[in-house]
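Read the structure below first, then the notes.
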DNA sequence: TAATAGAACGAACGATCGTGCTATTGTCTG
DNA sequence: CAGACAATAGCACGATCGTTCGTTCTATTA
């Protein structure tokens, strides 16, 4: 974890790779490509073995690349982990968030849920939802990785909540519904589906939960409903 | 992970410590005591760092004990992990399951939920619910540890489902309710509360979810409810 | 064509991992 | 008190961890 602390010279050249603005603004065709290839494999590996279980040696071996060559793309393991989180985020946004933003209000909420479910169900990540695993793995590990994960999860919950709120304004969801709570319940159910499907190797979990979530949304849209 | 596989002689003496029946049926006062002390610390450490992040060296250091002295209590790291899972199970049963079994039917279900919530809320494990973390960590790691976790989680879900079923027979919960699905939803909400409270350092998550679960149960017990 | 910058490599570092021996302690029995 | 035996410590092992260093290869630029 904190191996070889005495000599930590990686951060002495603070922005050797992250600030390309010196002479040529963008010109590293080979480096960028391999970096992306590394991250693609790394995200998949990390979704299975965890972000901490993701090892530079194993990752390099999986890519048939030298450890040092791989390492040079990131200044430290923490940097690599951050980059992996970012790469996973891009995939998540691409598959779940963006398509839903073609709609508004209730339709957007439904699209967010549906997209999440097929994201979890399909083999987007071989180890199931990356963020479910990562957020539970890092909830007790202070650092940049944890901070970023917290940020992203808050944003995701905020997206759900905002969609619910918009649907309320549009009159599609009852005003008594607590948007924050409903968003949270949906998220919990979705993560539960992922959990069950991974742990029990039971793909039917998503079907079950799809029903539960739809029922929960219908309940919020009106019709009868018991409010005790 | 699989360090030093060539020489694996630990399992050659299969039951040197687990079968006490030879001459004296029960006489290892010191050994058992330290073993339990080890496991108590190990469970706490594992709930924070994960079952794989739990390291023999760190555990020994935390107990001010030699690595080899600790190691002798278990034949391998996998054995240690299994023992940790078992120790966590005992705590869980003690705090959550057993007290609820003084009741029957709906009351038992309510007690199971309430006990789980205060188990997650209180500092039973310093890293939050042990099994939420462990089951997500090991969902892709085949082996005895995973098998046992699966077994335990199935049993726990079965307990919830059975309580619901009993409540249905007693006429306390409506017959149309799908016991398996309700059990699953409750479990998902509970794990969601744990997730949120750990990740966002927000203890109010449990209050929110307590309300959601109670609402969900009330909905199942009757009154109005929309079944569209 | 020569100079140069970036990308990848091989080897090695100190630390720590899980594990295996062997010796020493401590405790109970005869 | 001596011996037996369980419990623990000491020490070492091979492997792998994250990291650094100096070198080589490759491609663009002067």
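The values are calculated or read from the model by the stated rules, or taken from the named source; none is laboratory data. All of these numbers come straight from a predicted model, not from anything done at the bench. Every residue, glycine among them, receives a Cβ derived from its backbone with ideal geometry; neighbour counts consider all protein chains shown.
For the reader, a short list of remarks on this structure follows.
- Candidate set from the range A:43-57 (those that are surrounded by fewer than 20 Cβ atoms within 10 Å (Cβ to Cβ) and within 16 Å of DNA strand C (Cβ to nearest atom)); member that is farthest from the other protein chains (Cβ to nearest Cβ): A:56
- Candidate set from the range B:185-207 (those that are more than 19 Å from residue B:109 (Cβ to Cβ) and free of Cβ contacts under 8 Å to residues at least 60 places away in the same chain); member that is nearest to the other protein chains (Cβ to nearest Cβ): B:199
- Of all residues making up the range A:58-73, the number that are crowded, with 20+ Cβ neighbours inside 10 Å and more than 11 Å from DNA strand C (Cβ to nearest atom): 1
- For the range A:86-133, taking the residues that are surrounded by 20 or more Cβ atoms within 10 Å (Cβ to Cβ) and in a loop (DSSP other than H, G, I, E, B), the one that is farthest from the other protein chains (Cβ to nearest Cβ) is identified as A:124.
- Test: residue A:44 is part of a helix (DSSP H, G or I), closer than 30 Å to residue A:217 by Cα and out of contact with any strand residue (DSSP E or B) (no Cβ under 6 Å at 6 or more places or on another chain): no
- Just one residue in the set A:188, A:205 is over 18 Å from the mean Cα position of the chain (by Cα) and in a helix (DSSP H, G or I); that residue is A:205.
- Flag for residue B:33 being within 8 Å of DNA strand D (Cβ to nearest atom), more than 18 Å from residue B:138 (Cβ to Cβ) and either modelled with pLDDT under 50 or not in a loop (DSSP other than H, G, I, E, B) (or both): yes
- Residues of the range A:152-161 that are free of Cβ contacts under 8 Å to residues at least 12 places away in the same chain and either within 11 Å of chain B (Cβ to nearest Cβ) or not in a helix (DSSP H, G or I) (or both): A:154 alone.
- Yes/no for residue A:142 being in a loop (DSSP other than H, G, I, E, B), free of Cβ contacts under 8 Å to residues at least 40 places away in the same chain and within 13 Å of chain B (Cβ to nearest Cβ): yes
- Test for residue A:164: is it buried (at least 16 other Cβ atoms within 10 Å of the Cβ), touching a residue at least 40 places away in the same chain (Cβ under 8 Å), closer than 20 Å to residue A:103 by Cα and in contact with a helix residue (DSSP H, G or I) (Cβ under 6 Å, 6 or more places away or on another chain): yes
- Total residues in the range A:51-84, condition away from DNA strand D (no atom under 11 Å from the Cβ) and closer than 20 Å to residue B:53 by Cα: 2
- Residue selection: residue B:219 satisfies the criterion of being more than 30 Å from residue A:149 (Cα to Cα), within 12 Å of chain A (Cβ to nearest Cβ) and without any contact (Cβ under 8 Å) to a residue 24 or more places away in the chain.
- Scanning the range B:191-202 for residues that are assigned to a loop (DSSP other than H, G, I, E, B) and either within 11 Å of residue B:120 (Cα to Cα) or at pLDDT 95 or above (or both) turns up B:200, B:201.
- Residues of the range B:99-139 classified as over 30 Å from residue A:45 (Cβ atoms) and touching a helix residue (DSSP H, G or I) at 6+ places or on another chain (Cβ under 9 Å), total: 25
- Top-ranked residue of the range B:170-184 - restricted to ones that are more than 7 Å from every other protein chain (Cβ to nearest Cβ) and in a helix (DSSP H, G or I), ranked as surrounded by the fewest Cβ atoms within 10 Å (Cβ to Cβ): B:180
- Residues in the range B:15-30 include none that are more than 10 Å from DNA strand D (Cβ to nearest atom) and either at pLDDT 70 or above or touching a strand residue (DSSP E or B) at 6+ places or on another chain (Cβ under 8 Å) (or both).
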